[in-house]
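Each remark here refers to the structure printed beneath this line.
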Amino acid sequence: MTGSRAEPTLATIRGVAALRARVAGWRQAGETIALVPTMGALHEGHGALVAAARKAFDRVIVSLFVNPTQFGPGEDFTTYPRDQAADAGFLGALGVDLLYAPTHDEMYPDGFVTEVSVPGLADVLCGAARPGHFNGVATVVAKLLTQAAPDAAYFGEKDYQQLIIIRRVAMDLNLGVRIEGVATVRAPDGLAISSRNAYLSAQQRAAAPALYAALNEAAQSIGDGADMEGACAHGRAALIAAGFSAVDYFQCVDVGTLEPVTTRDRPARILAAAHLGPARLIDNVAVAG
Ligand code: AMP
């Protein structure tokens, strides 16, 4: 060939049986395996998960499934960005071994009824604003982890509540998979990278970094001794002043149980969700011990 170099082609599997056969081959060769679950529309945030998995395991599987059961009525399931060819190119360049992109029928065959529910953890924060969302997430992730049976699975701290819920599910169901959290990847102005940032107009995109700024300011002032509830109320007001239309929550919570925290007697994080134009943005930061 002259001049052109073939793109690395990424093996893609669409069914559970083929996935298990591939994984069994790797196991026979004594290789370790990590899974990175995604809904596609991949960006540097997903890239960081893959890089962390790549570093620690012999084989990396990325799953791509836009899971209908975690979207509520009127949410963006049908318009969620989908470009599998671009995603496969992105993952091939990162040295991923396998793209697992199951069909809808493979995940939810006729008659499917079983649901993994996580009462308490799934009902607060984002769960209060999006009823059923985390049951959908818990169910699909439990399925993916059971199907691939990896040694570890990687999730972003950006979706902190999701990370805590998945840890709980893996423990409660004895899935035998280590759940690893990866720090949030941000744009240079601080905005957490998200597929849904594409919904923002230029003006909204310019206002969006106020979310991370408000979280940092609250964490800083709590670190300096400010009252936790007061700092969070200040954060909510800052978001409205910056042009957000509504704040679903802006709250200090226990890092493990997600219960509200009002005093600095245990490790805490501040989690927030707020609406900016057509997008609902979420983010979180640690409160320094
Ligand atoms: P999604 O495709 O949005 O379902 O996300 C798949 C995984 O990527 C989840 O574990 C997310 O938490 C993670 N993720 C998404 N955005 C980021 C980011 N900016 N930094 C780190 N992880 C992320």
Could you go through segment 58-68 and let me know if any residue there is out of contact with any helix residue (DSSP H, G or I) (no Cβ under 6 Å at 6 or more places or on another chain) and either at pLDDT below 95 or more than 16 Å from the ligand (Cβ to nearest atom) (or both).
yes
Starting from segment 265-278, keep only residues that are over 17 Å from G223 (Cβ atoms), then list their pairs with residues that are modelled with pLDDT under 95 whose Cβ atoms are within a distance under 6 Å, requiring at least 6 positions of separation or different chains.
P278/Y199
Restricting to segment 219-242, give me the number of residues that are under 25 Å from the mean Cα position of the chain (by Cα) and either under 16 Å from V253 (Cβ atoms) or in a loop (DSSP other than H, G, I, E, B) (or both).
4
Answer residue from segment 47-91, given it is part of a helix (DSSP H, G or I) and free of Cβ contacts under 8 Å to residues at least 24 places away in the same chain and is farthest from D151 (Cα to Cα) among those:
A85
Can you tell which of D105, D76 is closer than 24 Å to K143 by Cβ, assigned by TED's automatic domain parsing to the domain that holds H133 and at pLDDT 95 or above?
D105
May I ask you to list pairs of residues, at least six apart or on different chains, whose Cβ atoms are under 7 Å apart, with the first in segment 184-201 being charged (D, E, K, R) and the second being in a loop (DSSP other than H, G, I, E, B) and near the ligand (Cβ under 8 Å from one of its atoms)?
R186/I193
Quick check on segment 80-88. Is at least one of its residues within 14 Å of the ligand (Cβ to nearest atom), of a type in the set (S, T, N, Q) and over 16 Å from the mean Cα position of the chain (by Cα)?
yes
Does any residue of segment 108-118 turn out to be among the polar types (S, T, N, Q) and either in contact with a helix residue (DSSP H, G or I) (Cβ under 6 Å, 6 or more places away or on another chain) or touching a residue at least 40 places away in the same chain (Cβ under 8 Å) (or both)?
yes
Is it fair to say L281 is surrounded by 19 or more Cβ atoms within 10 Å (Cβ to Cβ), in contact (Cβ under 8 Å) with a residue 12 or more places away in the chain and over 19 Å from V124 (Cβ atoms)?
no
Can you work out which of the residues in segment 88-140 that are exposed (fewer than 13 other Cβ atoms within 10 Å of the Cβ) and among the charged types (D, E, K, R) is farthest from A51 (Cα to Cα)?
D110
In this structure, does A226 turn out to be free of Cβ contacts under 8 Å to residues at least 24 places away in the same chain and either on the phi < 0 side of the Ramachandran plot or crowded, with 17+ Cβ neighbours inside 10 Å (or both)?
yes
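The values are calculated or read from the model by the stated rules, or taken from the named source; none is laboratory data. On a predicted model such as this, the values are computed, not experimentally measured, just so you know. Methodologically, a virtual Cβ is constructed for each residue, glycine included, from the backbone with ideal geometry; neighbour enumeration extends over all protein chains shown.
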